[in-house]
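Coordinate-derived values only; no laboratory data. What you see is a predicted model; the values in this text were computed from it and never measured. A quick note on method: Cβ atoms are made from the backbone with ideal geometry, for glycine too, and the neighbour counts reach across all protein chains shown.
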Amino acid sequence: MNPRLEELVESLTTSGEPELKPEPLKELKKICKSSDEHIRHVYHLLMTQLNQEHAEIRLSAFQIVSELFTRSHQFRTLLIDNFQEFLELTVETDYEQPLPPPKEVAQKMKTLAIKAVQEWHEKFGEAYKKLSLGFHFLKQRKMVKFQACAVEEAPC
């Protein structure tokens, strides 16, 4: 296993920056591209960070998830297998598990995650049944207003 993966995920998710640093992200994606084993490892590292009780760490972890989701079938499969937990940690689908502070960062992550789920559904929904189910769950059960998120209006 490449020990650099842990270092990169740790530094990218704990920097406190609102945007990911391009160079470490590029290095992370390059390592992930080299093997499915690296994809599995980084997936578990990112899920650990998404479980942290700090919205800035979760936001950064979500941003990495979003980057890898669009590039890797293996990563999509892993995330979608655990899609309910992902939604709970990013979109706050379980009100008994509220998003952690700071509140502004949590709201930003929630909005970005909802936008991402919509984009993923449009691009990959046909191929991943659980993704479609998650999208429709948000739309039908949680009454998420995807159009409002798309134009960054009121809370989604």
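Helical runs (DSSP H, four residues minimum) scored at -39500 (n - 2.57) apiece and divided by the length of the chain put the mean residue ellipticity at 222 nm at -21000 deg cm²/dmol. Here F62, F75, F146 are placed in order of increasing Cβ neighbour count within 10 Å, fewest first, which gives F146, F75, F62.
Here the label points at Q140 and D81, each 7 Å from Cα along the C-beta direction, are separated by 2.6 nm in the simple model. The 3J(HN,Hα) values that the Karplus relation (6.51, -1.76, 1.60; θ = phi - 60°) gives for region 96-110 are, in residue order, 7, 10, x, 5, x, x, x, 4, 5, 5, 4, 5, 4, 4, 4 Hz. Gly and Pro appear as x. Restricting region 35-128 to GluC sites (Glu not before Pro) that sit in a DSSP loop and have at most 16 other Cβ atoms within 10 Å of their own Cβ leaves E53, E96, E126. Largest mean-square fluctuation among I31, I64, I39, in a Gaussian network model of the chain whose springs join Cα atoms under 10 Å apart, belongs to I31.
For K33 and D94, the FRET efficiency from 1/(1 + (r/R0)^6), where r spans their Cβ atoms and R0 equals 35 Å, is about 0.55. Pairs of Cα atoms nearer than 8 Å and 6+ residues apart set the relative contact order; for the chain it is 18 percent. Converting phi to 3J(HN,Hα) with the Karplus coefficients 6.51, -1.76 and 1.60 and the offset θ = phi - 60°, region 5-22 yields 4, 4, 4, 5, 4, 4, 5, 5, 8, 10, 6, x, 7, x, 10, 6, 6, x Hz in sequence order, with x at every glycine or proline. Between M47, M109, M143, the residue with the greatest mean-square fluctuation in the GNM of the chain (Cα pairs under 10 Å linked by springs) is M143. For the chain, the ratio of Cα radius of gyration to the globular rule of thumb 2.2 N^0.38 Å stands at 0.99.
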